[in-house]
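Let me begin by presenting the structure, written as structure tokens, before commenting on it.
The values are calculated or read from the model by the stated rules, or taken from the named source; none is laboratory data. Remember, predicted model here, so these are calculated numbers, not experimental data. Neighbour counts run over all protein chains shown; Cβ positions are idealised from the backbone, glycine included. Side chains are part of the model used for accessible areas, which takes the heavy atoms of the whole protein and leaves out ligands, DNA and RNA. Shrake-Rupley method; radii C 1.70, N 1.55, O 1.52, S 1.80 Å.
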Amino acid sequence: MGRNSTRAGARRLDLIPPYLFAEIDRKVQEKKRSGVDVISLGIGDPDLPTPGRIVSVLQETAADPLNHRYPSYYGLGELREAIARWYSERSGVELDPKTEILPTLGSKDGISHVALALVDPGDVVLAPDPGYTVYVTGAIMAGAEPYAMPLTEANSWLPDLDAIPADVAGRARLMWLNYPNNPTAATADREFLERAVDFCRRHDIVLCHDAPYSEIAFDDYRPLTLFEIPGAKDIGLEFHSLSKTYNMTGWRIGWVCGRADLVQLIGQLKTNIDSGIFQAVQWAAIEAMNGGEEETRAACAVYARRHRLVADTLNTLGWNIKPPRATFYVWAAVPEGFDSIGFAGRVLDEVGVNITPGVGFGPHGEGYFRLSVTAPDARLAEAMARMRKLKL
């Protein structure tokens with residue numbers, strides 16, 4: 001295409017499909033405009049309110065003119081100290097709040113930008129498939145080559161590290177892991193995380209662990225944070241968010257932490273992209289992290305009850321689903337004769353329930369669908385009553 005072309009967009013956007021959840025939302029809105037009472041179980045957005053103590057701090061600090069000016073690029077020192085204290089009390093992990101923690105505008109901010117900070121064009125980024133789509137799109141935006149690590153039911157939804165070709169591992173700069181997992185709700189044990197740390201150390205790969213669901217767990221199960229694995233901080237970063245733990249998806253605040261020089265590079269990039277997080281939101285986040293264990297456990301009890309309802313319902317329809325150990329997702333095979341988009345469309349058209357087709361998380365998600373239990377109890381119960389009427 002010549003210099004005088006009227007081309008509108010950058011060529012890299014040709015490589016990136018429309019964001020999955022934006023496309024799903026568009027279809028749901030179309031249905032609603034046509035008069036359908038859609039119950040959306042497609043997006044993992046907690047319906048439970050942010051705890052009142054956190055909202056109160058936001059209201060109070062938002063009224064303070066000192067918080068109306070530009071915030072620090074690197075976040076309030078008090079916030080970084082609160083994050084360090086949370087890691088220490090939760091996992092016995094010690095982080096330096098000055099050099100090893102960087103607050104972000106939600107974890108998606110850090111996840112989408114880490115490749116720009118650490119990866120050169122032509123490098124490989126290892127990403128789980130199915131997986132959160134931003135692992136791949138962030139790599140593409142940086143000019144890197146995404147390489148899919150298939151997650152399969154036969155391997156307990158863990159990547160087979162031994163199946164990664166030597167030449168690919170030699171070119172890889174980043175590996176993404178995410179446990180407890182979205183979309184499969186799988187968990188990873190210590191042995192697997194130790195093998196992943198060893199693999200990345202041997203191949204000089206930065207291990208990026210996306211852990212926003214670490215506190216949404218059931219039956220006394222406590223997911224490991226990455227830095228509980230010896231040596232992980234030498235090669236790793238962990239991305240976290242307040243969104244799921246404290247029902248704060250709309251507040252847009254999270255963090256990246258780990259090896260100091262890597263955190264510094266992400267910070268260097270971010271100073272050229274954004275101007276930090278509204279300070280009142282940071283003070284509210286500090287309040288969140290200085291307590292809230294009982295609130296999170298109460299939320300988990302709600303999700304566990306909803307998981308049992310979904311499992312009981314779907315199992316009467318021919319599935320064999322066990323409630324997961326963590327996350328608020330159900331990951332299940334589509335019925336025979338359907339692909340994932342076809343089944344999700346059938347459910348939306350026939351009973352007005354929105355679920356997410358597995359292929360939206362990558363080619364290896366084909367044949368599955370994801371359902372989120374983050375709908376109010378009455379709406380979820382209605383959705384399950386509708387599912388019982390499906391004609392499959």
Exercise. Looking only at region 234-250, which residues are buried (at least 22 other Cβ atoms within 10 Å of the Cβ) and not in a loop (DSSP other than H, G, I, E, B)?
Worked result: ILE235, GLY236, LEU237, GLU238, PHE239, HIS240, SER241
For this session: Looking only at region 218-227, count how many residues are open to solvent by 10 Å² or more (accessible area, probe 1.4 Å) and either farther than 24 Å from ARG173 by Cβ or in a loop (DSSP other than H, G, I, E, B) (or both).
Result: 6
For this session: Looking only at region 291-300, decide whether some residue is over 23 Å from the mean Cα position of the chain (by Cα), closer than 18 Å to ASP47 by Cβ and either part of a loop (DSSP other than H, G, I, E, B) or touching a residue at least 60 places away in the same chain (Cβ under 8 Å) (or both).
Result: no
Exercise. In region 300-307, is there at least one residue being among the hydrophobic types (A, V, I, L, M, F, W, C) and farther than 30 Å from LEU390 by Cα?
Worked result: no
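Every residue, every condition in (1) among the charged types (D, E, K, R); (2) within 30 Å of ALA378 (Cβ to Cβ); (3) touching a residue at least 12 places away in the same chain (Cβ under 8 Å), yes or no:
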| site | (1), (2), (3) |
| --- | --- |
| VAL57 | no, no, yes |
| ALA62 | no, no, yes |
| ARG80 | yes, no, yes |
| TRP86 | no, no, yes |
| GLY92 | no, no, yes |
| GLY106 | no, yes, yes |
| VAL114 | no, no, yes |
Exercise. Which helices (runs of 4 or more DSSP H) sit wholly inside region 31-142 and have at least 3 residues that are open to solvent by less than 10 Å² (accessible area, probe 1.4 Å) and either at pLDDT 95 or above or closer than 30 Å to ARG190 by Cβ (or both)?
Worked result: 77-91, 107-118, 134-141
Exercise. Identify, please: which residue in region 147-200 is open to solvent by less than 50 Å² (accessible area, probe 1.4 Å) and assigned to a strand (DSSP E or B) and is, among those, nearest to GLU228 (Cα to Cα)?
Worked result: LEU177
Problem set entry | Which numbered condition PHE338 misses (of (1) crowded, with 22+ Cβ neighbours inside 10 Å; (2) not in a helix (DSSP H, G or I)) | (1)
Problem set entry | Selection within region 267-281 - under 11 Å from ILE253 (Cα atoms) and open to solvent by 40 Å² or more (accessible area, probe 1.4 Å) | PHE278
Problem set entry | Looking only at region 11-30, and only at residues there that are within 25 Å of ALA378 (Cα to Cα) and out of contact with any Gly (no Cβ under 9 Å at 6 or more places or on another chain), the one that is most open to solvent (accessible area, probe 1.4 Å) | ARG26
Exercise. So which of ARG325, ARG346 ends up being open to solvent by 30 Å² or more (accessible area, probe 1.4 Å) and closer than 14 Å to THR184 by Cα?
Worked result: ARG325
Exercise. Going by the conditions given, is ALA284 in a helix (DSSP H, G or I), touching a helix residue (DSSP H, G or I) at 6+ places or on another chain (Cβ under 7 Å) and open to solvent by less than 10 Å² (accessible area, probe 1.4 Å)?
Worked result: yes
Exercise. When you look at TYR147, is it among the hydroxyl-bearing types (Ser, Thr, Tyr), at pLDDT below 95 and out of contact with any Phe, Trp or Tyr (no Cβ under 9 Å at 6 or more places or on another chain), yes or no?
Worked result: no
Exercise. In this structure, does SER5 turn out to be of a type in the set (Gly, Ala, Ser), open to solvent by 70 Å² or more (accessible area, probe 1.4 Å), modelled with pLDDT under 95 and farther than 30 Å from ILE229 by Cβ?
Worked result: no
For this session: Restricting attention to region 361-387, report how many residues are open to solvent by less than 20 Å² (accessible area, probe 1.4 Å) and touching a residue at least 40 places away in the same chain (Cβ under 8 Å).
Result: 13
Seminar exercise, completed: Selection from region 208-217 of residues assigned to a strand (DSSP E or B) and either free of Cβ contacts under 8 Å to residues at least 24 places away in the same chain or under 18 Å from TRP176 (Cβ atoms) (or both) yields CYS208, HIS209, ASP210
